[in-house]
1. Restricting attention to the range 165-175, does a residue exist that is of a type in the set (G, A, S), surrounded by fewer than 13 Cβ atoms within 10 Å (Cβ to Cβ) and either closer than 30 Å to A50 by Cα or in contact with a His (Cβ under 6 Å, 6 or more places away or on another chain) (or both)?
2. Of all residues in the range 120-155 being part of a loop (DSSP other than H, G, I, E, B) and within 21 Å of E98 (Cα to Cα), which is most open to solvent (accessible area, probe 1.4 Å)?
3. Run M74 past the list (1) part of a strand (DSSP E or B); (2) out of contact with any Cys (no Cβ under 6 Å at 6 or more places or on another chain) and report the number of the one that doesn't hold.
4. When you look at K92, is it free of Cβ contacts under 8 Å to residues at least 12 places away in the same chain, basic (K, R) and closer than 20 Å to E228 by Cα, yes or no?
5. For the range 86-93, state whether one or more residues are in a strand (DSSP E or B) and open to solvent by 60 Å² or more (accessible area, probe 1.4 Å).
6. With within 21 Å of the chain's Cα centre (by Cα) and not β-branched (V, I, T) as the only criterion, which of E91, E160, E152, E77 stands out?
7. Go through the range 219-252 and give me each residue that's more than 23 Å from D120 (Cα to Cα), open to solvent by 10 Å² or more (accessible area, probe 1.4 Å) and not basic (K, R).
Amino acid sequence: MRWLSHCTPRGLSVIRVVATRMVLTGLCFASLLPDAAHAAPPKNKTKIPAVRWDEEHPGCTFSRSDDGHYRYGMWYEDVGITLAVDAQELEKVHRRHEPFFGVMLNVRYRGQGALDFSVDNISLEFVKHFRVVQTSLDPDDFAQKVQNDGDELDHQTAREVEKHPEEKEAKETLLRAFLKDSAELQEFVGKNSLRPTRLSPGNQETSGWVLFSTESKWIPGRWKKQEEFILRVPVEGKIFEFPFKLPPKPGEVMLRRRE
């Protein structure tokens, strides 16, 4: 370097000493660092194998039923799962005073042993909303929340009527409608939710509804024209994955049978 040409011999000696100390310090500091092989995260992390639905693969089916549901079926080894989702589920979410996204699952077992089926880790990924993943709602906890919200509205209405008696009829009408919906929802959740069960040759099938909360800052109040989801169902050390869209084709409108 140019500035070294102007240094005296003594100055050069000082520079050499300082440089030597810097090198030694660097070596000592490097010796304290963890070995790179140990510092890097392991590349081969243990991952639960996934079985993914694809209409083109053997054992996978798709159909539109006259009750207004899309049905996705998949068999793998001794386990068969059918996912049913209402074609109008997106519209229904925002009409519920307790917003949730619901799907119905049917699980069948044709093995000779026993299969302990759990609902704890079933999840739904909202692909177009920052890939938010919601685990399934516990049916009993959700029913209790519905009850608590109804009780709170009852108390709130009583307080408001006391302050504004002239609004009593209107507010109590709204309260009765809310409590009626809440009671019906609690009954539905209690009777129709998918529950843990042991499947065996003598009990080969279980079915029920699985609900997911849509209360998230990443899930806006309006849906996109076509939404994408991935439902994941853990079964015996594997994950059954169901990617699906609503509607399956952009702009599709599904007609349903009149009751």
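1. The answer is no; no qualifying residue exists.
2. D120
3. Only one criterion is unmet by M74, namely (2).
4. Answer is yes for this residue.
5. no
6. E91
7. P220, G221, W223, Q226, P247, P248, P250, G251, E252
One line per residue, one yes/no per condition, for (1) surrounded by fewer than 10 Cβ atoms within 10 Å (Cβ to Cβ); (2) at pLDDT 90 or above; (3) touching a Ser or Thr at 6+ places or on another chain (Cβ under 6 Å); (4) assigned to a strand (DSSP E or B):
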{"site": "P34", "(1), (2), (3), (4)": "yes, no, no, no"}
{"site": "P41", "(1), (2), (3), (4)": "yes, no, no, no"}
{"site": "N44", "(1), (2), (3), (4)": "yes, no, no, no"}
{"site": "H57", "(1), (2), (3), (4)": "no, yes, no, no"}
{"site": "T61", "(1), (2), (3), (4)": "no, yes, no, yes"}
{"site": "G80", "(1), (2), (3), (4)": "no, yes, no, yes"}
{"site": "E98", "(1), (2), (3), (4)": "no, no, no, no"}
{"site": "F101", "(1), (2), (3), (4)": "no, yes, yes, yes"}
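The values are calculated or read from the model by the stated rules, or taken from the named source; none is laboratory data. Model, not experiment: these values are computed from the prediction. FYI the Cβ positions are ideal-geometry reconstructions off the backbone, even for glycines, and counts take in every protein chain you see. The accessibility values were calculated without ligands, DNA or RNA, using every heavy atom of the protein model including side chains. Shrake-Rupley method; radii C 1.70, N 1.55, O 1.52, S 1.80 Å.
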